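Below is one structure, written out as structure tokens; the observations come after it.
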Amino acid sequence: MSSGASVSALQRLVEQLKLEAGVERIKVRPAPASGLGVSQAAAELQQYCMQNACKDALLVGVPAGSNPFREHRSCALL
Amino acid sequence: MATDGLHENETLASLKSEAESLKGKLEEERAKLHDVELHQVAERVEALGQFVMKTRRTLKGHGNKVLCMDWCKDKRRIVSSSQDGKVIVWDSFTTNKEHAVTMPCTWVMACAYAPSGCAIACGGLDNKCSVYPLTFDKNENMAAKKKSVAMHTNYLSACSFTNSDMQILTASGDGTCALWDVESGQLLQSFHGHGADVLCLDLAPSETGNTFVSGGCDKKAMVWDMRSGQCVQAFETHESDINSVRYYPSGDAFASGSDDATCRLYDLRADREVAIYSKESIIFGASSVDFSLSGRLLFAGYNDYTINVWDVLKGSRVSILFGHENRVSTLRVSPDGTAFCSGSWDHTLRTKNYLFVSLQVWA
């Protein structure tokens, strides 16, 4: 590979890293805090799970009648 | 000549050292915010009980390896694509095939359902992403209405409609992702930054704004701003190709599955990996991952034919599902979370020259 190609590839990498270093201070989304600690971020992930657990059919199960994939076929006695 | 060589060497050396120092600075910044792991925070969360998850439907009909599948928003239809070029639309309740088309290429590695339910997109070794409107008119030939939308310079590995039928996001073996206008086929934005084939992508949930995440053979997961084309965050902790990426339902994190036999969770606001889902006994690559509705469970399909179900918060495996007879290549939870579908390279039935390959729906 020619060193010319390496130089431009490295230049791109440096530009990209500069951008990422900058993003620590400016978030793309309007987040409540710029740069959360893991304990805070983890707590929010956990909170989301807890709040939505009851709606999660694969987690808590739903009555067989209301899950279209678990239909009970009823037999009619003739 | 001689002086040019010297100049280039200096530039290379100085750029390399600048890159190293920037990487070091980034690590420092990330380390400052790292005080504890996710599973430690979740210590007091109640452990999950036993799971009863069985195959409820087997969709048989592909004659060769299933490579990709996607759910329709109606929570019952599924589109799947395979190595032999076939793309099939199924009703997963009845297991009936509703549409089928044969692509002009083999290895259709990507397929997606349009949000309206009225079209599908697919592509693979043809380096393109094509859109097929779905029609119930028996007189219409599905292949005749095909529209070529995306053009890459290498295979198409993943595709997804955005919030409407009007735009498609693609990932390719050419190392780029791209956003296309379906009607005109125009390239709206391209995303450069991966150092090798891009294997997967996932759009952020609509509430969280215009971003998506991609994973590639360069072991990196990259988060992109769709409007500017810029990579806003990148994560490089996997030790091999990243085969699958999927956003956590809140949009604040995403999971990845890799050939390094691990799945990982990255939190976007903490800007780091916060969990790793692995076991010494799991040595085969994870090909496909998806979350249950609440984000508590992570389903991951592996090349050792199994599906492992992980407790996202505690980091432990809660279940292992055996149902396929070859590697699991694709896995998606249904839009309302009542079931998930896995596709495989397996041949579940062999009768003379017929090979049946299965998609299984679990609930």
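The values are calculated or read from the model by the stated rules, or taken from the named source; none is laboratory data. A quick note: this is a predicted structure, and the numbers were derived from the prediction, not measured. All Cβ positions, glycine included, derive from the backbone under ideal geometry; neighbour counts span all protein chains shown.
Being within 19 Å of B:Phe254 (Cβ to Cβ), touching a helix residue (DSSP H, G or I) at 6+ places or on another chain (Cβ under 7 Å) and either of a type in the set (Gly, Ala, Ser) or not in a loop (DSSP other than H, G, I, E, B) (or both) is not true of B:Val213. Applying the criterion of being crowded, with 19+ Cβ neighbours inside 10 Å and away from chain A (no Cβ under 11 Å) to the residues of segment B:195-212, the residue that is farthest from B:Asp259 (Cα to Cα) is B:Phe212. Taking the criterion of being hydrophobic (A, V, I, L, M, F, W, C) and assigned to a strand (DSSP E or B), the residues of segment B:220-237 that qualify are B:Ala221, B:Met222, B:Val223, B:Trp224, B:Cys231, B:Val232, B:Ala234, B:Phe235. Taking the condition over 22 Å from B:Val223 (Cα atoms) and surrounded by fewer than 24 Cβ atoms within 10 Å (Cβ to Cβ), does B:Ile282 pass? Yes; evaluated as a whole, the condition is true for this residue. Taking the criterion of being under 20 Å from A:Gln16 (Cβ atoms) and not aliphatic (A, V, I, L, M), the residues of segment B:157-184 that qualify are B:Ser172, B:Asp174, B:Gly175, B:Thr176, B:Cys177. Applying a threshold of 6 Å to beta carbon distances and a minimum spacing of six or more residues, or different chains, the list of pairs starting in segment B:44-60 at a residue that is modelled with pLDDT of 85 or more and ending at one that is among the acidic types (Asp, Glu) reads B:Leu48/B:Asp311. When only residues in segment B:185-210 that are more than 15 Å from the chain's Cα centre (by Cα) and assigned to a strand (DSSP E or B) count, which is farthest from A:Glu20 (Cα to Cα)? This residue is B:Leu187.
The set of residues from segment B:208-257 being among the hydroxyl-bearing types (Ser, Thr, Tyr) and free of Cβ contacts under 8 Å to residues at least 40 places away in the same chain comprises B:Thr211, B:Ser228, B:Thr237.
The set of residues in segment B:56-75 being within 10 Å of another protein chain (Cβ to nearest Cβ) and either more than 28 Å from B:Trp310 (Cα to Cα) or out of contact with any helix residue (DSSP H, G or I) (no Cβ under 7 Å at 6 or more places or on another chain) (or both) consists of B:Lys75 alone. Looking at B:Lys147, B:Lys128, just one residue is surrounded by fewer than 18 Cβ atoms within 10 Å (Cβ to Cβ), among the charged types (D, E, K, R) and free of Cβ contacts under 8 Å to residues at least 60 places away in the same chain, and that residue is B:Lys147. Close Cβ contacts (under 7 Å, 6 or more residues apart or on different chains) running from residues in segment A:43-65 that are more than 8 Å from chain B (Cβ to nearest Cβ) to residues that are in a loop (DSSP other than H, G, I, E, B) comprise A:Ala64/A:His72. Scan segment B:179-192 and tell me whether some residue there is within 11 Å of chain A (Cβ to nearest Cβ) and surrounded by fewer than 16 Cβ atoms within 10 Å (Cβ to Cβ). Yes, segment B:179-192 contains a residue that is within 11 Å of chain A (Cβ to nearest Cβ) and surrounded by fewer than 16 Cβ atoms within 10 Å (Cβ to Cβ).
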